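Below is one structure; the comments refer to it alone.
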Amino acid sequence: MTFDERLRAELPLICSAYPGAMLLERAPGIVIADRPLCPGWNRPKTTIHLPIPTGYAVTPPDNFFTDVDLLLADGRLPANTGEAEFLGRRVRQFSWHVDAGTWRPSSDPCRGHNLLTFLLGVEARLHELD
């Protein structure tokens, strides 16, 4: 399965949990607009940008981005974040990594680790509020 075939096979999985998720083709990635946030953030929703490395699925995704103005409700920066640029716009970069040796994709995108399992980790990070 080619890189593009893999991404297209995974998109329905992602859309089942994140309706409206879009696959970016000019710079491989997933965008989830207007994702609701739990209380504790300075805003009720954000856009999640997930860049996809060219070595995917053997290589896991690494980091994710949100709207640049996403802060904790008290105005502090979330831990392990900074500003970056993604597709020509400023974004908040969250340092979020898969632990070494724990990424286990399968040749079948519905089994093993995939973009959806990574996004579930992103959701968990956005509930940490630190």
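A search for C-beta distances below 6 Å between a residue of the stretch 84-105 that is under 18 Å from Leu119 (Cα atoms) and any residue that is assigned to a strand (DSSP E or B) and small (Gly, Ala, Ser), counting only pairs 6+ apart in sequence or on different chains, returns Val91/Ala84; Gln93/Gly82; Gln93/Ala84; Arg104/Gly112; Pro105/Gly112.
For the stretch 27-48, residues that are more than 14 Å from Arg125 (Cα to Cα) and not in a loop (DSSP other than H, G, I, E, B) total 8.
Taken over the stretch 50-71, the criterion of being hydroxyl-bearing (Ser, Thr, Tyr), surrounded by 19 or more Cβ atoms within 10 Å (Cβ to Cβ) and assigned to a loop (DSSP other than H, G, I, E, B) is satisfied by Tyr56 alone. Residues satisfying the criterion are absent from the stretch 7-26 (criterion: on the phi > 0 side of the Ramachandran plot, surrounded by 12 or more Cβ atoms within 10 Å (Cβ to Cβ) and modelled with pLDDT under 95).
Tell me, please, whether a residue that is closer than 25 Å to Leu11 by Cα and more than 12 Å from the chain's Cα centre (by Cα) can be found in the stretch 69-83. No, the stretch 69-83 contains no residue that is closer than 25 Å to Leu11 by Cα and more than 12 Å from the chain's Cα centre (by Cα).
The values are calculated or read from the model by the stated rules, or taken from the named source; none is laboratory data. From a predicted model like this one, the values you see are computed outputs, not experimental measurements. Cβ coordinates were reconstructed from backbone atoms using ideal geometry, including for glycine residues, and neighbour counts include every protein chain displayed.
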